[in-house]
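A quick write-up on the structure given underneath.
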Amino acid sequence: MGTIKDKVAIIGMGCTNFGDLWKKGVPDLIIDCAYEAYEDAGVGPKDIEAVFVGNVSSSMWTGATVTEALQLDKIPATRVENNCATAAEALRVGAFSVAAGMYDTVLCVGFEKLKDYGSGALEMPGSMHPISVVGSAPASFAKSAVQYFEKYKIPFDKGKEILSKIAVKNHANGALHPKAHFRRAITLETALNAPMIAWPLGLFDCCPVTDGASCAIITRADKAKSYTKDYVLLKGVGLSVGRIDPFKGKFRSDVDITFWDETWAAAHQAYEQVGIKDPRKEIGSAEVHDCFTITELIIYESLGFCPRGGGPAEVEKESFTLKGDLPVNTDGGLKSFGHPVGASGLRMIYELYNQQLGRAGERQLKNPKLGLAHSQGGTPGMFQASVTIVGPAS
Amino acid sequence: MIGICSYGAYVPLYRLAREIMVLEGKGGAGERSVAGADEDALTMAIDAILDCTKGMDRGSIEGLLNATTSSPFAEKQIAAAAAAALDFKDNIIAADIGHSLRAGLTAVRLAADTVKAGSAKKVMVTAADRRLGTPLSAMESNGGDGAAALLLGDKDVIASIEGFYSFSSDFTDTWRPATDQFVHVWSDRFAVAEGYQPMMQQALAAAMKKFGIEPKDVTKLVYNGPDARTHGAVATALKFDPKTQVQDPLFSVLGNTGAAFPLMLLVAALEKAKAGDSILVAAYGDGVDVMLLKVTDDIEKARDRHGVLGYLKSKKMLPSYVKYLRLRHLFFVESSRMTPITPGLAQLWRERDSMYKLHASKCKQCGWVEFPIRRICPKCYSKDDYQQVKLLDQKVKLYSFSTDTIPTIPEVTDPPQGRAIIDFEGSTRMELEMTDFGNIQDLKVGQPMEMTFRRLERQGDVAAYAWKCKPVR
């Protein structure tokens, strides 16, 4: 495998407010984030040579949704889809097109408009199979929580408390971000006493369903300075796609649902490109796919931030809060910032980018070191996991 | 010797106390059985067959007659669906016998004649009903849900069939129009005085005359009836001793299970029967069928069934009448707004060996078992080199579980829906729906589970069923 390290620069980014955006249509979301990125990078529509479009379920399916919204005329536009890792995928393939020397200035966009259709709990009814049997996303991940508690002999009440602390942390961070879906800190009691959604996951263990869009303008690293002095470099990209389909009841007896194998594989692809030996020490902050609190808990272990089964102790030590040694989800994560499926991956990069450039306001870290973004689509048993690492230009 | 080779039954988990089946004041005494939201005449028949065929090779069965008045389909054979789900061989006689409360015993007579004629050596008969009266009616209160299964054959019978007597009468007392889901009843004073009472008495008297027996020769008289009082009057009039000679009609613990009722009562009688007993069975509905049985020594070989009495002991009381309405799909819960998706029947058919028959693939090269059937072995990458293995009778343990509290589709009227991952002992793992699980906090990872074939609550009018798991009863 080759490496993307220091070959591609992000020279501008944009992100809409995330939330219940009743007044905004898909073109509005694309326009709002793209023009923020144009201004940031100092480019205009005529400078864009190619577009990579990430969307799961709210477009006319091709990249034309973006060329139409932005009136980009007769340039290459490619739509990609990789479930919750869709936006990360748009950036990944866009970066490859730049690294290949094909284009100089590329726009990578991710967007999702879920609220128009009243989607509740990211349910996945029989769209995959005539008798799709998995149920909602919360119920799928909840089974990992039950098995995790069993495996590590964590009493139910203690397990609920650990999970709730993750929600409390992410809400506290999201409250500090002006573009987050939910900008209110919550107490541990609020999280613990919330209505049950999918046993044992309560309301605050689940991320919301959100509208939003985010984008990046990228160029070759050696050309970045000709656009702007403020840019970050891609350091590594990893992608790992599983091979089981729980939607048909498929579930291999050798699959451990208390660990995210695909995330481990994607992380190690990226770590190898960057030369990371100890992610806990070398990563400055991480934006991870906290679709549910149990997901984030297992992500700590699957990214190698702590040993297997070590997540709960780190939560108790507050290692991953803004004041911890490795802050996770400094912008509130999916939990608080919201989860427009096709946009989340680029929203994560947006936060890392702002941290790298010292633009993160109240959330600003003193030493952001390398930033890691992690997306994970699918359900336990089969994921599409993506890890992207960015870092400073020098 | 032609007779019954095995018996089984099914009573759903739920019971409703009749005292809460009222708007005000106090309702009736006792309780009725209530099918779960995902149960119907097809699924209950399958559960009864599973009970009846415990430890047996279902591949040797050559016929299946399903009797019911509450088939989930006006057109579409449920016998074929049951045969597919239970992995019967393809070249069997399969038929649904419906539209009458005595259909179960009629089916037994047809099956016995089929065996006698040499058309089939073993024929399975089921009778199943999900009995639906209009809300708070006497029909709803007296009714019950359940199923019975009898395996008929000419070898190793536990009870030999000594004779049949049948007559048909176009007498309408209860009926259900083709367009209505509720059973209706005419004035019971007319229905009992001119229908049930005289017909049942005359048929039993004529049958005993034909068989050459008198009441004193009968160990147990087994027959259906609309309610306890009306039922009891028949035996008294025919001079049977109601205390010793009459099978308890189970009104206070089960309810009138419609077309399933006579055969369920027969199964209850067989559960207590001894070698040499004579059992006289009568089923009323658009006429009367009567059958005389003689119990053999082999009855002792069929003692490990749940049966009616076993299933009656395993129950969960419904906490309210509203909960009952939810199980009946008569009370609706607001569901999240979803785009309707109708199951693709072609795909379901294509994958029937996995989805209905519950077959897994076992790699011929490395032995890896995978469900559903997979063409490429994930371990050794052998392509199209597997044999199909049956999972249905393997022991099952709970690997993990959850619930969906918010209904994911409008058809779900009784959330939460159960979700589970299960391990088949020594073979493979499967993710599926979980039903009849009671309190989620009482479930334990690793506890034994069993498989049950249930209706999927799905958008649209497509026939979608699948295997689910439930805690062992």
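The values are calculated or read from the model by the stated rules, or taken from the named source; none is laboratory data. Not measured: the values here are computed from a predicted model. Using ideal geometry, Cβ is built from the backbone for each residue, glycine included, and neighbour counts are taken over all protein chains shown.
Observations, loosely collected:
- In the set (1) touching a strand residue (DSSP E or B) at 6+ places or on another chain (Cβ under 8 Å); (2) modelled with pLDDT under 95, B:V11 fails one condition alone, (2).
- The residues of the range B:266-325 that are over 30 Å from B:S100 (Cα atoms), out of contact with any Gly (no Cβ under 9 Å at 6 or more places or on another chain) and of a type outside the set (A, V, I, L, M, F, W, C), listed by number, are B:K274, B:G276, B:D298, B:E300, B:K301, B:R303, B:P319, B:S320.
- Residues that are facing another protein chain (nearest Cβ under 10 Å), in contact with a Cys (Cβ under 7 Å, 6 or more places away or on another chain) and not basic (K, R) are absent from the range A:230-247.
- Residue in the range A:71-84 that is surrounded by 24 or more Cβ atoms within 10 Å (Cβ to Cβ) and under 18 Å from the mean Cα position of the chain (by Cα) present: yes
- Criterion applied to A:G110, A:G126, A:G94, A:G101 was being at pLDDT 95 or above and over 23 Å from the mean Cα position of the chain (by Cα), and the one residue passing it is A:G101.
- Unique match (being at positive phi and in contact with a strand residue (DSSP E or B) (Cβ under 7 Å, 6 or more places away or on another chain)) among B:G307, B:G285: B:G307
- The number of residues in the range B:365-410 that are part of a strand (DSSP E or B), away from chain A (no Cβ under 13 Å) and closer than 15 Å to B:T428 by Cβ comes to 5.
- Of all residues making up the range A:220-260, the number that are modelled with pLDDT under 95 and among the acidic types (D, E): 3
- All positions within the range B:202-232 that are aliphatic (A, V, I, L, M) and modelled with pLDDT of 95 or more: B:A203, B:L204, B:A205, B:A206, B:A207, B:M208, B:I213, B:V218, B:L221, B:V222
- In the range B:427-450, the residue that is farthest from the other protein chains (Cβ to nearest Cβ) out of those that are among the small types (G, A, S) and surrounded by fewer than 16 Cβ atoms within 10 Å (Cβ to Cβ) is B:G438.
- Within the range A:1-111, helices (runs of 4 or more DSSP H) holding 3 or more residues that are closer than 22 Å to A:V232 by Cα and touching a Lys or Arg at 6+ places or on another chain (Cβ under 9 Å): A:86-99
- Condition met for B:G426 (touching a residue at least 12 places away in the same chain (Cβ under 8 Å) and part of a loop (DSSP other than H, G, I, E, B)): yes
- Qualifying residue in the range B:67-77 (condition: in contact with a Lys or Arg (Cβ under 9 Å, 6 or more places away or on another chain) and over 30 Å from B:Q394 (Cα atoms)): yes
- Of the criteria (1) in a loop (DSSP other than H, G, I, E, B); (2) within 20 Å of A:I294 (Cβ to Cβ), which one A:G378 fails: (1)
- Considering residues of the range A:139-196 that are more than 14 Å from chain B (Cβ to nearest Cβ) and charged (D, E, K, R) only, the residue surrounded by the most Cβ atoms within 10 Å (Cβ to Cβ): A:K169
- Residue within the range A:31-46 that is among the acidic types (D, E), within 24 Å of A:G174 (Cα to Cα) and either in the same structural domain as A:L239 (by TED's automatic domain parsing) or modelled with pLDDT under 95 (or both) present: no
- Answer residue from the range B:299-346, given it is modelled with pLDDT of 75 or more and polar (S, T, N, Q) and is surrounded by the fewest Cβ atoms within 10 Å (Cβ to Cβ) among those: B:S320
- The one condition from (1) surrounded by fewer than 24 Cβ atoms within 10 Å (Cβ to Cβ); (2) more than 30 Å from B:S354 (Cα to Cα); (3) basic (K, R) that B:R32 does not meet is (1).
- Failed condition for A:L29, given (1) farther than 25 Å from A:D104 by Cβ; (2) touching a helix residue (DSSP H, G or I) at 6+ places or on another chain (Cβ under 7 Å); (3) crowded, with 20+ Cβ neighbours inside 10 Å: (2)
- The residue that is nearest to B:I4 (Cα to Cα), counting only those in the range B:130-170 that are outside any strand (DSSP E or B) and among the basic types (K, R), is B:K155.
For (1) of a type in the set (A, V, I, L, M, F, W, C); (2) modelled with pLDDT of 90 or more; (3) closer than 30 Å to B:G59 by Cα, each residue gets a yes or a no:
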position: B:E370; (1), (2), (3): no, yes, yes
position: B:C377; (1), (2), (3): yes, yes, yes
position: B:S382; (1), (2), (3): no, yes, yes
position: B:L398; (1), (2), (3): yes, yes, yes
position: B:F401; (1), (2), (3): yes, yes, no
position: B:R419; (1), (2), (3): no, yes, no
position: B:I440; (1), (2), (3): yes, yes, no
position: B:C469; (1), (2), (3): yes, yes, yes
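- Residue match in the range B:388-395 (condition: farther than 30 Å from B:A9 by Cβ, touching a strand residue (DSSP E or B) at 6+ places or on another chain (Cβ under 9 Å) and modelled with pLDDT of 95 or more): yes
- Number of positions in the range B:350-364 that are at the interface with another protein chain (Cβ under 10 Å from one of its Cβ atoms) and either among the acidic types (D, E) or surrounded by fewer than 20 Cβ atoms within 10 Å (Cβ to Cβ) (or both): 2
- Residues within the range A:270-295 that are surrounded by fewer than 20 Cβ atoms within 10 Å (Cβ to Cβ) and in contact with a Phe, Trp or Tyr (Cβ under 7 Å, 6 or more places away or on another chain), tallied: 1
- Test: residue in the range B:371-381 that is crowded, with 18+ Cβ neighbours inside 10 Å, under 26 Å from A:A142 (Cα atoms) and in contact (Cβ under 8 Å) with a residue 24 or more places away in the chain: yes
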